[in-house]
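Structure, as structure tokens:
The values are calculated or read from the model by the stated rules, or taken from the named source; none is laboratory data. In this text, all values refer to a predicted model and were calculated from it rather than measured experimentally. We place every Cβ from the backbone using ideal geometry, glycine too, and count neighbours over all the protein chains shown.
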Amino acid sequence: MKRNVLIFGLVLGAILAGNMVYMVNLAYNNPEFMSNELMGYAAMIIVFSLTFFGVKNYRDKQLNGVISFGKAFKMSALIALVGSTIYVVVWLFYYYIFVPDFIDKYITHVLHQAVADGATSADLEAKSAEMNQFKEMYKSPLFVVLISYTEVLPVGLVIAFISSLILKKKPDAVVVSK
């Protein structure tokens, strides 16, 4: 089980981190870039579907096609945790080394998007105050870690739960004849 968790978790994490670096570069280098959160979460759902294949692989090759919901959920949640941890670690290095001013660029991006969405001057002032508070909180590495986990891990756990429901399989009943 550990082998499958590591392999699928590392692959999942590498894909998540690669996608994150790509999207951050788009937003960082183009403040007018309009991100689509729906597309971002759809991409995460697709990437986290690797947990399904990790558990299925383990169930079929190691457990003769039988796995309980609990064992399937434990394994898929661990795969999601490994992948999410890779995402968080890559973000920490990337943020602090390559884009330490990302929050300033992100604030510009958010305010530009608010203007495009027709925000009033009062709305912009409130959004600006909210973003400045976020910037202050983002100065804490612990906050950066926590907010980064909350971006991806909940999605991974939902996919883990759904995968476990689909993949759980009890052993076939043994028929005893007289």
Q: Search segment 45-76 for residues being among the aliphatic types (A, V, I, L, M), surrounded by fewer than 20 Cβ atoms within 10 Å (Cβ to Cβ) and touching a residue at least 12 places away in the same chain (Cβ under 8 Å), and hand back the single one that is nearest to Val144 (Cα to Cα).
A: Ile45
Q.
Can you say whether Leu78 is part of a helix (DSSP H, G or I), more than 18 Å from Ile45 (Cα to Cα) and touching a helix residue (DSSP H, G or I) at 6+ places or on another chain (Cβ under 9 Å), as far as the supplied structure shows?
A. no
**Q.** Residue match in segment 104-117 (condition: at pLDDT below 90, small (Gly, Ala, Ser) and touching a helix residue (DSSP H, G or I) at 6+ places or on another chain (Cβ under 6 Å))
**A.** yes
Q) Is it fair to say Leu124 is under 22 Å from the mean Cα position of the chain (by Cα), more than 26 Å from Leu10 (Cβ to Cβ) and part of a helix (DSSP H, G or I)? A) no
(Q) Cβ-Cβ distance below 7 Å, separation of 6 or more or different chains: which pairs start in segment 138-161 with a residue that is touching a residue at least 12 places away in the same chain (Cβ under 8 Å) and under 15 Å from Ile79 (Cβ atoms) and end on one that is exposed (fewer than 15 other Cβ atoms within 10 Å of the Cβ) and of a type outside the set (A, V, I, L, M, F, W, C)? (A) Val155/Tyr41; Ile159/Ser49
Q) Is it the case that segment 24-34 has a residue that's surrounded by fewer than 16 Cβ atoms within 10 Å (Cβ to Cβ) and either touching a strand residue (DSSP E or B) at 6+ places or on another chain (Cβ under 8 Å) or modelled with pLDDT of 90 or more (or both)? A) no
